[in-house]
């Protein structure tokens with residue numbers, strides 16, 4: 001599987017274009033905004049986008065979802081239904097943060113722990129990882145050992161939990177029970193900032209390193 005990160009919005013959110021190398025069938029993960037930049041990257045890579053995947057529905061991750069889905073004629077997949085209230089608040093979120101007007105929508109398919117999403121002959125496994133938002137999911141490609149984790153985990157940090165229905169203890173539990181078992185060798189693309197590996201974060205992350213959690 002191939003992937004290209006396209007930073008979008010003033011928050012420099014890591015929108016990802018992912019695709020099967022054999023068929024070029026792919027998806028856009030978390031189109032928060034800057035549709036023209038996303039479309040240009042799709043054209044440059046020659047990807048045939050067949051769906052939009054959402055880790056969660058904060059404005060910087062989902063603000064352009066409805067417009068892009070309509071423009072490409074593709075379904076919206078995810079996140080978990082517990083994020084519906086954030087989708088309903090997208091117009092308000094856009095006003096609050098000074099984003100272009102965002103539309104609410106209803107995903108064509110909700111996602112749950114243990115689900116899979118097909119991209120051509122490739123599969124992404126779904127992990128429900130609440131805490132940053134209650135409906136947050138992570139997409140994991142087992143063969144290539146790469147995960148798209150949204151705002152659950154960052155290089156050297158973790159997601160905020162001070163938004164409505166965020167919960168710090170739940171987030172820590174999601175990371176340690178759903179992400180760490182996938183393996184220390186997994187590279188992850190966070191919602192913002194550089195990539196890292198689960199192993200590196202278990203060694204050095206001040207919030208979820210093995211040492212920090214033993215205190």
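The values are calculated or read from the model by the stated rules, or taken from the named source; none is laboratory data. In this text, all values refer to a predicted model and were calculated from it rather than measured experimentally. Counting neighbours? That spans all protein chains shown, and the Cβs are built from the backbone with ideal geometry, glycine included.
For every residue, the table says whether it meets (1) within 28 Å of residue 174 (Cβ to Cβ); (2) buried (at least 22 other Cβ atoms within 10 Å of the Cβ); (3) out of contact with any strand residue (DSSP E or B) (no Cβ under 8 Å at 6 or more places or on another chain); (4) modelled with pLDDT of 95 or more.
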| position | (1), (2), (3), (4) |
| --- | --- |
| 5 | yes, no, no, yes |
| 15 | yes, yes, no, yes |
| 31 | yes, yes, no, yes |
| 45 | no, no, no, yes |
| 57 | yes, yes, yes, yes |
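Under 6 Å by Cβ, and 6 or more places apart or on different chains, what pairs join a residue from the range 37-48 that is over 15 Å from residue 23 (Cα atoms) with one that is at pLDDT 95 or above and part of a loop (DSSP other than H, G, I, E, B)? Pairs found: 38/31.
Residues in the range 1-53 that are under 18 Å from residue 141 (Cβ atoms) and in a loop (DSSP other than H, G, I, E, B): 1, 20, 21, 22, 23, 24, 30, 47.
For (1) over 23 Å from residue 42 (Cβ atoms); (2) surrounded by fewer than 20 Cβ atoms within 10 Å (Cβ to Cβ), each residue gets a yes or a no:
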site	(1), (2)
95	yes, yes
100	no, yes
109	no, yes
120	no, yes
148	no, no
155	yes, yes
162	yes, yes
167	yes, yes
186	yes, no
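If I ask for residues that are touching a residue at least 60 places away in the same chain (Cβ under 8 Å) and either assigned to a strand (DSSP E or B) or out of contact with any helix residue (DSSP H, G or I) (no Cβ under 9 Å at 6 or more places or on another chain) (or both), which ones from the range 180-208 would you list?
Once the filter is applied, which keeps residues that are touching a residue at least 60 places away in the same chain (Cβ under 8 Å) and either assigned to a strand (DSSP E or B) or out of contact with any helix residue (DSSP H, G or I) (no Cβ under 9 Å at 6 or more places or on another chain) (or both), the range 180-208 yields 189, 190, 192, 193.
Which one of these does residue 139 not meet: (1) closer than 16 Å to residue 19 by Cβ; (2) surrounded by fewer than 24 Cβ atoms within 10 Å (Cβ to Cβ)? Of (1) closer than 16 Å to residue 19 by Cβ; (2) surrounded by fewer than 24 Cβ atoms within 10 Å (Cβ to Cβ), only one is false for residue 139: (2). When residue 62 is tested against (1) in contact (Cβ under 8 Å) with a residue 40 or more places away in the chain; (2) more than 15 Å from the chain's Cα centre (by Cα), only condition (2) is not met. Within the range 188-203, the set of residues being loosely packed, with under 14 Cβ neighbours inside 10 Å and over 21 Å from residue 61 (Cα atoms) comprises just one member, 203.
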